[in-house]
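These notes are about the structure you will find just below.
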Amino acid sequence: QKEVEQDPGPLSVPEGAIVSLNCTYSNSAFQYFMWYRQYSRKGPELLMYTYSSGNKEDGRFTAQVDKSSKYISLFIRDSQPSDSATYLCAMSDNYGQNFVFGPGTRLSVLP
Amino acid sequence: DTEVTQTPKHLVMGMTNKKSLKCEQHMGHRAMYWYKQKAKKPPELMFVYSYEKLSINESVPSRFSPECPNSSLLNLHLHALQPEDSALYLCASSNRLGWFFGPGTRLTVL
């Protein structure tokens, strides 16, 4: 079993849809959870950063962490064609330690 | 300023060349990283510098040589690379607010 699993997609949705992206993990020591957006041939851009369990909202993006289920989610409301990218979850156990990426989900938002 | 910068953006080199990739951040982060990313794959960790000292080397071949001249700069020296080393090389730095990545250097080895 991989340490972090993520549906690779590709995922195609119509403009305006609500998108749900998910990751599961096996290491219960993970405490910091991140979502990155990566456009083709660009570096990953940090979208959301949460510590431990709970929800965090930033504009159209909501991140959820359920440590009891070892499951994290990113919701994108009112999706736009500009949201088309690869979304990578990432997590770490302590500051600077054992930072792991998920394999990424390719999202296409169709106009 | 939450920016990590990398130069050059693109690099083409032959297998006998010596070149260097540069990374800079002015966020005061004391941890800096080099990652390698192949197409349609997540980034793979190569090196970690903590307080300007190499703390993690993920069994990277010696043809890749990292250097951290000061707390803001990170270099990756390249020598005698192979075509399979062609990839996007990403630099990152981190603090308690997250890991921040640069735009990457797209390296092609001929």
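The values are calculated or read from the model by the stated rules, or taken from the named source; none is laboratory data. Bear in mind the structure is a predicted one, so any value in this text is a computation, not a measurement. Every residue, glycine among them, receives a Cβ derived from its backbone with ideal geometry; neighbour counts consider all protein chains shown.
Of note:
- When the strands (runs of 3 or more DSSP E) confined to the range A:5-111 are screened for residues that are of a type in the set (A, V, I, L, M), those reaching at least 3 such residues are found at A:45-51, A:71-76, A:85-92, A:105-110.
- Screening the range B:1-35 for residues that are of a type in the set (D, E, K, R) and within 12 Å of another protein chain (Cβ to nearest Cβ) and picking the one that is nearest to B:TYR89 (Cα to Cα) gives B:LYS9.
- Pairs with Cβ under 8 Å, 6+ apart, first in the range B:15-43 and free of Cβ contacts under 8 Å to residues at least 40 places away in the same chain and among the small types (Gly, Ala, Ser), second in a loop (DSSP other than H, G, I, E, B) and surrounded by 14 or more Cβ atoms within 10 Å (Cβ to Cβ): none
- With a requirement of 1 or more residues that are within 15 Å of B:LEU21 (Cβ to Cβ), the strands (runs of 3 or more DSSP E) lying completely within the range B:31-110 that satisfy it span B:31-37, B:44-50, B:64-70, B:73-79, B:87-95, B:98-101, B:105-109.
- Any hit, the range A:53-73, residues being closer than 30 Å to B:THR7 by Cβ, among the polar types (S, T, N, Q) and crowded, with 18+ Cβ neighbours inside 10 Å: no
- Top-ranked residue in the range A:38-88 [being in contact with a Phe, Trp or Tyr (Cβ under 7 Å, 6 or more places away or on another chain) and of a type in the set (Gly, Ala, Ser); ranked as nearest to the other protein chains (Cβ to nearest Cβ)]: A:GLY43
- Just so you know, in the range B:56-84 the residues that are of a type in the set (Gly, Ala, Ser) and without any contact (Cβ under 8 Å) to a residue 24 or more places away in the chain include one that is farthest from the other protein chains (Cβ to nearest Cβ), and it is B:SER62.
- Test: residue in the range A:70-87 that is modelled with pLDDT under 95 and either touching a helix residue (DSSP H, G or I) at 6+ places or on another chain (Cβ under 8 Å) or acidic (Asp, Glu) (or both): no
- Residue within the range B:42-54 that is under 13 Å from B:ARG30 (Cβ atoms), away from every other protein chain (no Cβ under 12 Å) and charged (D, E, K, R) present: yes
- Between B:LEU107, B:LEU74, the distinction of being over 14 Å from B:LEU45 (Cα atoms), crowded, with 21+ Cβ neighbours inside 10 Å, hydrophobic (A, V, I, L, M, F, W, C) and under 10 Å from the mean Cα position of the chain (by Cα) belongs to B:LEU74 only.
- The range A:97-111, subset closer than 30 Å to B:PHE47 by Cα and surrounded by 20 or more Cβ atoms within 10 Å (Cβ to Cβ), residue farthest from the chain's Cα centre (by Cα): A:PHE99
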